Amino acid sequence: MKEFTPRGVCSRKIVFDIVDGKITNVAFQGGCNGNLQGISKLVEGMIPAEVISRLKGIRCGIKPTSCPDQFAAALEEYYEQQL
């Protein structure tokens, strides 16, 4: 289980797994519960590169980031640590 602490958003933690190259077990702590449950279900089974390309850069209102953008950052950080 990977853990990521998002910055600049309402959610306090993002946890997820990567199994056989696919995203699984995504959960956000804090934030907009219904929306984040939806995102978690939608990305289940997807490859990280696809999720990063779809979610990176999404903003929440006037904030320069969002929970989906922070999930993309979590996936990028995971890959950087694998190198």
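Each Lys or Arg adds one and each Asp or Glu subtracts one; over the other residues with Cβ under 10 Å from the Cβ of I14, this totals +2.
Take every Cα pair under 8 Å whose residues are at least 6 apart in sequence, average their separation, divide by the length of the chain, and the relative contact order is 26 percent. Two numbers describe the Cα atoms of the chain: Rg and Dmax, which are 11.6, 37 Å. Using Cβ point charges alone (K and R +1, D and E -1), the dipole size of the chain about the Cα centre works out to roughly 380 debye. Scalar couplings 3J(HN,Hα) for region 27-33, obtained by applying the Karplus form with A = 6.51, B = -1.76, C = 1.60 to θ = phi - 60°, are 8, 10, 10, x, x, 7, 3 Hz; x denotes Gly and Pro.
Ranking P6, L55, G34 by Cα position along the charge dipole of the chain, where only Lys, Arg, Asp and Glu carry charges on their C-beta atoms, puts G34 farthest toward the positive end.
Any chance you could give the angle, 0 to 90 degrees and rounded to 10, that helix 67-82 forms with the longest Cα principal axis of the chain? With rounding to tens, the tilt is 30 degrees.
Every read-out reported here was derived from the displayed coordinates using simple, explicitly stated rules and does not represent laboratory data. These numbers come from a predicted model, not from an experiment. Because the Cβ atoms are built from the backbone with ideal geometry, glycine has one as well, and the counts that use them run over all protein chains shown.
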